1. Whole-Hz ³J(HN,Hα) for each residue in the range 50-60, computed from phi via Karplus 6.51 cos²θ - 1.76 cosθ + 1.60 with θ = phi - 60°, x for glycine and proline: what do you get?
2. Heads up, I need the accessible area for Leu85: 1.4 angstrom probe, whole protein in place, Å², nearest 10.
3. Suppose only helical runs count, i.e. DSSP H with n ≥ 4. What mean residue ellipticity at 222 nm does that imply for the chain under -39500 (n - 2.57) per run, divided by all residues and rounded to the nearest 500 deg cm²/dmol?
4. Using the basic label-point model (7 angstrom from Cα toward the beta carbon), what is the Lys42 to Ser15 distance in nanometres?
5. What dipole magnitude, in Debye to the nearest 20, does the range 76-185 give about its Cα centre under +1 on Lys/Arg Cβ and -1 on Asp/Glu Cβ?
6. Taking the solvent-accessible surface of protein heavy atoms with a 1.4 Å probe, what is the per residue accessible area of the chain in Å²?
7. Apply the Karplus curve 6.51 cos²θ - 1.76 cosθ + 1.60, θ = phi - 60°, to the phi angles in the range 15-30 and return the couplings in whole Hz, x for Gly and Pro.
8. Quick one: what does P(r) look like for the chain with 10 Å bins over all Cα pairs, in whole %?
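The values are calculated or read from the model by the stated rules, or taken from the named source; none is laboratory data. Predicted, not measured: the structure shown is a model, and the values here were computed from it. Neighbour counts run over all protein chains shown; Cβ positions are idealised from the backbone, glycine included. Remember, those area values only see protein heavy atoms, side chains included, never the ligands or the DNA or RNA. Shrake-Rupley method; radii C 1.70, N 1.55, O 1.52, S 1.80 Å.
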Amino acid sequence: MADNLTDRQALYFASMRAGLEEATGKSLAEWTAIARTCPETKHRARLAWFKAHHGLGQNRASLVLAEAFDASNAWAEPRLLVESLWSDPASRALYECIDDLAGQLAGVKRTARKGYTAWSRQFQFAAARPMKDGALMLGLALPAAEGREAPRREPWSERLTSRVRVDGDLPAELSAWLNAAWAHS
């Protein structure tokens, strides 16, 4: 997974892993053994169980759960996440255009998630998620303005302060928007 993380993201995950034992008194191996005793089977329920029973917050619990249960290691295979997420041909075509534009910017890393795909330099500057009707929702690290609205309950970073629904043709301003968001990341 490290090859699709920005330097800042990789440093964050490394420091979280390194500081787990110091912060909690237990090693990753000990937490992994505890995780395997969790009676829950879904990720969110396991996170809630860790918080309720062990006081472990979401980020540390997610680290432990990935170690304990991610046998498929899907996060290490961003291509598979992208294939699964962007399976609709219409939204896939839109995604590929945006990915191509974002990929032309210097130092950009694409990060695949289960529900969306994000682009970062030092910080996340754009993300897209497929819509059920073949469109996609694009979040940008730009203020809401003409053509872009404030986000409502989006799964990506709070840094993305505007969104635009993309269906059919790409907005003429898309390249300029991506460049401006990238410049601030």
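1. Working through the residues one at a time gives 4, 5, 5, 9, 10, x, 8, x, 4, 5, 5 Hz.
2. Estimated to the nearest 10 Å², Leu85 gives 30 Å².
3. -14000 deg cm²/dmol
4. It is 3.4 nm.
5. Values: 15 positive and 14 negative charges, 95 e Å.
My answer is approximately 460 debye.
6. Details: 10370 Å² over 185 residues.
About 56 Å² of surface per residue is accessible.
7. Values per residue, Gly and Pro as x: 5, 5, 5, 5, x, 4, 5, 5, 6, 10, x, 10, 7, 4, 5, 5 Hz.
8. 9, 32, 31, 20, 7, 0
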